[in-house]
Amino acid sequence: MKKHIKHHSITVAVVLGVLAVGTGAFVYSGIYNIGADDHHTKPVFAVLQTLRNRSIHVRSEDLKVPDLNDPQLILKGAGQYAAMCTGCHLAPGMKTSEIRPGLYPQPPNLSQTRIDPKDAFWVIKHGIKMSAMPAWGFSHDDPTIWSMVAFL
Amino acid sequence: MTPAQYKDIVARAPPDDDMDGGDSGHSHDHGGGMPQKMGQGHADAGAHDHAYAETAPAAGILMNMDGLKPHAVPQAEAVSDQLHHALQQGDRNAVLALLAPDVTITEGNVVQTRDAYAAVHLGEDIAFLKHARITTVSQGSEQQGDTAIVGSESEIQTIIKGKPISLRSREVLNLKKTGNAWKIVAIHWQSTPLTEKAS
């Protein structure tokens, strides 16, 4: 029995080692095209999308949402949105922008898509790695970011 | 939200005065630091290799308005006045009516088409100028066949982050006469602060 377990352990270690070496070789080889004009395969995209969505949601679910129906908050958010967001996320009446066609992953068209307020706040504040979404929290305080969420 | 509702709420919105620094990734910061309006000499309307205003010494960014004389082309100067009035009044349709279909707008470090400007920066300019006090310091023009150049210099006073800010704004318009109407075919904007930048 002990001999059997030892044999299995060696097999698992060898397989993991081969996988680690293979992964390292794949990464270092540069085979994977990181260009934004060469999209991920569907499985890779699905994994990354799920990772992104779960990462955001886990971190945003405990946020306390202020009154997003405050007209002054919405008005302030409209100005913020017009100044910072429309280039990528468009606006009512906008079909596209100069930068948008080249973005990958494509940012949501926020004039047509509803985003969970907590998720929206977290994404605006912290940004998203390896995308064009910046962390606006470096230059904007929380009430201002909530104003954008209220406008959305 | 309809496009008209969106334009209305953006026009009524307070300026974006929360930006730290002049340009946080957006090519035109209409209220966060200074409005980054750029321009260049009118003789070079087709090229766009100008330096960035915020980092250039004031003397180096002045646009060449040599040869422009007040009231030389009154109709073209009137178009310039109409543009300023429409922007400050938030009248998008009036602004767009003055622009030729192939107009280029050089603002920030970006040269924009009519559609691109109408989609984004026009709304920002309207929002920024809504609360600004604009004083025209000088204006001149020159006609060359069916084209004209109008240059103007203004002082813009506004409040950013609760601090009064004064800007010296220079503008050069290239216009082309079609029938009896002058249409703007190129806009170049450039601003420099007259006071310390708000921090």
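Every number in this text was worked out from the coordinates using simple rules, so none of it is lab data. Bear in mind the structure is a predicted one, so any value in this text is a computation, not a measurement. Here Cβ is always computed from backbone atoms with ideal geometry, including for glycine, and neighbour counts include all displayed protein chains.
Here are a few things to note about the model shown:
- Loop-located chymotrypsin sites (Phe, Trp or Tyr not before Pro) in the stretch A:1-101 (DSSP state other than H, G, I, E, B) with a sparse environment of at most 15 neighbouring Cβ atoms within 10 Å: A:Tyr32.
- Shape of the stretch A:1-123, Cα gyration tensor, a/c cut at 1.5: oblate
- Restraint check, A:Lys76/B:Lys183; A:Lys64/A:Lys125; A:Lys76/A:Lys125, Cα-Cα greater than 24 Å: A:Lys76/B:Lys183
- Just checking the listed ones, A:Val15, A:Val27, A:Val47: in the Gaussian network model of chain A with Cα springs under 10 Å, the one fluctuating most is A:Val15.
- Kirkwood hydrodynamic radius (C-alpha pairs) into Stokes-Einstein, the stretch A:63-151, 37 °C and 0.692 mPa s, D in µm²/s: 246
- Loop trypsin sites (Lys or Arg not before Pro), the stretch A:56-131, which have at most 13 other Cβ atoms in a 10 Å radius of their Cβ (DSSP): A:Lys64, A:Lys95, A:Arg114, A:Lys129
- Extending 7 Å from the Cα toward the beta-carbon at both A:Tyr28 and A:Asp67 defines two label points whose distance is 6.1 nm.
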